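The structure appears right after this line, and notes come after that.
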Amino acid sequence: MSRARRSLDWGFPRWRGYGAAREAAKVRICDRHGCEEPGDCPAPKAPNSRERWYFCQKHAAEYNAQWDYFAGLEAAEREARARAERRESAGYAEAAHYGWAGSGDGTRSADEMRALEALGLAPDADFEAIKKAYRARAKDVHPDVKPGDAEAARQFQLIQTAYEVLRAAEQRRTWRG
Ligand SMILES: [Zn+2]
């Protein structure tokens, strides 16, 4: 009990009872000199340090605004970290790009791979096989064959779209030579 009492007004960190004089109600006081607010916002004392300051919200914001992530790092370490961060963001940009136009097996885009799948074809199917599969499948679900069939209409639309994607890709390849 005497030890708890001693830490109330001196020593570091400073603690203070809030409200009733119950042990559980003790809160840490902001580490900013002269501030008496509860310090419930931890902030690292230095980069890569596990030591923390405990500030009130206002002083934590002030501290964070001045926080230099690279402060105290050796020049080489600083450069290595900057490089790693550039690599990370470049990797992200690349991933985002391929999310839209990824190369399935290296020669087909992700859209083409999806289109081939919709037509029940393998990734290496040539355009003759694509045309054949498209005609056969379109015939089965054509609105003239299955009038008023919503599922057939959906299938027909899907096959139609898949064929358009593959036809456009074939044209791009042919034009490029
Ligand atoms: Zn404060």
Once you have the Kirkwood Rh of the stretch 110-176 from its Cα pairs, apply Stokes-Einstein at 25 °C and 0.890 mPa s and quote D in µm²/s. 201
If the chain between GLU128 and THR174 were fully stretched, how many nm would it gain, using 0.36 nm times the residue separation less the Cα-Cα distance? 15.2 nm
Using the per-residue mean of other Cβ atoms lying within 10 Å as a proxy for protection, in what order, highest first, do the peptides 30-39, 141-150 fall? 30-39, 141-150
FRET efficiency (GLN157, THR107; Cβ distance; R0 25 Å; to 0.05) is 0.40
Could you size up the charge dipole of the stretch 110-176 around its Cα centre, putting +1 on the beta carbon of Lys and Arg and -1 on that of Asp and Glu, and report it in debye to the nearest 20? 200
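Laboratory data are not the source of any read-out in this text; all were calculated from the coordinates shown. What you see is a predicted model, and the numbers here were worked out from it, not measured in a lab. Please note: Cβ atoms are built from the backbone with ideal geometry, for glycine as well, and neighbour counts cover all protein chains shown.
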